[in-house]
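The structure under discussion appears below in the form of structure tokens.
Every number here is computed from the coordinates shown, using simple stated rules; none is lab data. Please read these numbers as outputs of a predicted model, since none were measured by experiment. Here the Cβ positions follow ideal geometry from the backbone for every residue, glycine too, while neighbour counts run over all protein chains shown.
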Amino acid sequence: MARKQYRPLVACPECKGHRVGRIGTRQYFCSDCCLEFVLRNGRVDLYEVDEEGNLVTAGRISLDDDTPVAVAAAQAPAGRSAKE
């Protein structure tokens with residue numbers, strides 16, 4: 001029997017909302033505050049979307065071991081798409 005893999009719960013690092021969708025490998029978008037963020041090697045890079053649809057750097061956050069985003073970063077398999 002195949003083992004089920006569950007997608008870890010990801011919270012937005014800015015507004016702490018849970019209306020977060022995966023848009024790429026370790027890339028997420030928060031529908032509550034319209035922030036895009038990328039999980040990378042113990043940090044979260046934050047991006048805002050400007051009027052023309054371009055990404056603008058909004059900041060960087062270091063991850064604590066117990067934050068919801070840190071837990072998701074530790075559990076998310078690298079190189080997998082959202083449909084796998």
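What full-extension length gain, to one decimal in nm, is calculated for T25 and E52 as 0.36 nm per residue of separation minus the Cα-Cα distance?
Working it through step by step, the gained length comes to 7.4 nm.
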5 angstrom amide H check on R40, placed H, neighbours 5+ away: D45
Long-range HN-HN contacts of L63 with modeled amide H, under 5 Å: R43, V44
Per-residue Cβ neighbour rank within 10 angstrom, fewest leading, F29, F37: F29, F37
Other-chain or far-sequence residues with amide H under 5 Å of E14's (modelled H): none
Ascending count of other beta-carbon atoms within 10 Å, so fewest first, for R19, R43: R19, R43
